[in-house]
Amino acid sequence: MINRRQWLRGIGVMAGAVARPGSAFAASKEETRQTVSPSLSLAEFSPKSMLQAPETHVSRARFPVIDFHTHITGTAKSIRGVSLASDRVYLGTPQELLAVMDSKNVRAMVNLTGGYDKGLGDVISKYDHAFQDRFYAFTEPCYEHFLVAGYPQLQAEAIERAYRQGARGLKILKTLGLYLRENITSGKLVKIDDPRFDPMWDACGQLNMPVAIHVSDPVAFFTPTDRFNERYEELTNHPDWSFYGEEFPSNAKLIEARNRIFARHPKTQFVVLHVGNFAENLANVSENLDRFANMSVDIAARIGELGRQPRAARRFFEKYQDRILFGTDATPHGDEYPQQVFNDRLYEIYYRFLETDDEYFDYAPAKIPPQGRWRIYGINLPETVLRKVYFENAARQLRVAV
Ligand SMILES: [Zn+2]
């Protein structure tokens, strides 16, 4: 008896003996060579997973949600990464937002980039006051007055003014630490713990306004954009997101400066966005949560990180269940950033991550995973933890009745 493999080997020998251009065997070899070409570009590579795993469609959150991290409005004028205007651009109408919110069980959206002065007032009247308890705006520092004499005090007063206008908290973009300079857009970078901001942090503490702070960025953004960079495609799509090079402080230096403000202002609550801006290192985030009682985190735009370490992530949620807030970074019509584009699918993915034990699924509504080529696993949180993360922890920060 001759088995199949021996038979094929025999044919191969025979074919080798008689092969000539144009023969059937030569053609099939040629085809094989083409389909396994080693020069396939990364952009063309789109493998289909052959894994057969259950897929749970979570169309509504199990409990009402406060999305603590969204951008419904943004600055109308920004130079070299520094916002220089109170005027706002409006990224979504209340009606289009409410339609998605109602179908996804999102009770309220926190619009972190509400601006200041007149821009903030307009945002609050068009959203927060027009649709009570559905939208909460945060204010932002007014960097355009940074060189005005007495700025530290003026900025503290601006916080009080924003509070009276109806702002629920203060948002700090990564402008502080990575873009704001001594002459606003030129000169030396201003450090996150620069004492000129101390009166501002104190004002927030006195008024019980939480500070939603974004410091640094994914750690891969501080390494060269080369073949070793796990976020290579993201950085080639957005080259200005790279902070690699001597002109920028390291991720560690930025986090140390941030920690010094937490230590100096124990009465001010800080919600460190994007899982404490170090989701790649939950041990570091945990250590800081243990050190600073005034620190909480949100999970916005980081389920890609949390979901690729599902066992550590679940332990993290269990341990810090009173200090983790639901957030997405949702931006209406933000199609260039699929991991934060405001739509039904975005919320469904977050809910699937938090509520199921599904395996190996996309963390963003996009063909190619936008923050790195991997997939995530659900962490199947218990209901008590879900309730806190979805709503209760944010309600406490915002002083909203549960
Ligand atoms: Zn954001």
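List of remarks:
- Yes/no for residue 349 being assigned to a loop (DSSP other than H, G, I, E, B) and either among the polar types (S, T, N, Q) or closer than 22 Å to residue 233 by Cβ (or both): no
- Per the listing 364, 395, the residue uniquely touching a Leu at 6+ places or on another chain (Cβ under 8 Å) and open to solvent by less than 10 Å² (accessible area, probe 1.4 Å) is 364.
- Neighbours by Cβ (under 6 Å, 6+ apart or cross-chain): first from region 319-346, within 22 Å of residue 393 (Cα to Cα) and open to solvent by less than 10 Å² (accessible area, probe 1.4 Å); second more than 16 Å from the ligand (Cβ to nearest atom) and β-branched (Val, Ile, Thr): 324/389; 326/65; 326/389
- Yes/no for residue 93 being open to solvent by 30 Å² or more (accessible area, probe 1.4 Å) and within 16 Å of the ligand (Cβ to nearest atom): no
- With respect to (1) open to solvent by 30 Å² or more (accessible area, probe 1.4 Å); (2) under 21 Å from the mean Cα position of the chain (by Cα), the lone exception for residue 153 is condition (2).
- Criterion: within 29 Å of residue 361 (Cα to Cα), within 16 Å of the ligand (Cβ to nearest atom), at pLDDT 95 or above and under 27 Å from the mean Cα position of the chain (by Cα) - qualifying residue of 67, 102: 67
- Residue in region 319-336 that is within 16 Å of the ligand (Cβ to nearest atom), in a helix (DSSP H, G or I) and under 15 Å from the mean Cα position of the chain (by Cα) present: no
- Residue count for region 264-313, restricted to those that are within 16 Å of the ligand (Cβ to nearest atom), in a loop (DSSP other than H, G, I, E, B) and open to solvent by less than 10 Å² (accessible area, probe 1.4 Å): 4
- Residues of region 372-392 that are within 30 Å of residue 42 (Cβ to Cβ) and buried (at least 20 other Cβ atoms within 10 Å of the Cβ): 376, 377, 378, 379.
- Taken over region 357-371, the residue count meeting the criterion of being among the charged types (D, E, K, R) and in contact with a Lys or Arg (Cβ under 7 Å, 6 or more places away or on another chain) is 2.
- Unique match (being touching a strand residue (DSSP E or B) at 6+ places or on another chain (Cβ under 9 Å), at pLDDT 95 or above and not β-branched (Val, Ile, Thr)) among 198, 133, 202, 194: 133
- Residue count for region 242-262 under the criterion of being open to solvent by 10 Å² or more (accessible area, probe 1.4 Å) and either charged (D, E, K, R) or within 16 Å of the ligand (Cβ to nearest atom) (or both): the result is 5.
The values are calculated or read from the model by the stated rules, or taken from the named source; none is laboratory data. Quick caveat: nothing in here was measured; it's all calculated off a predicted structure. Virtual Cβ from ideal backbone geometry, glycine too; neighbours counted across all protein chains shown. Side chains included, ligands, DNA and RNA excluded: accessible areas come from the protein's heavy atoms. Shrake-Rupley method; radii C 1.70, N 1.55, O 1.52, S 1.80 Å.
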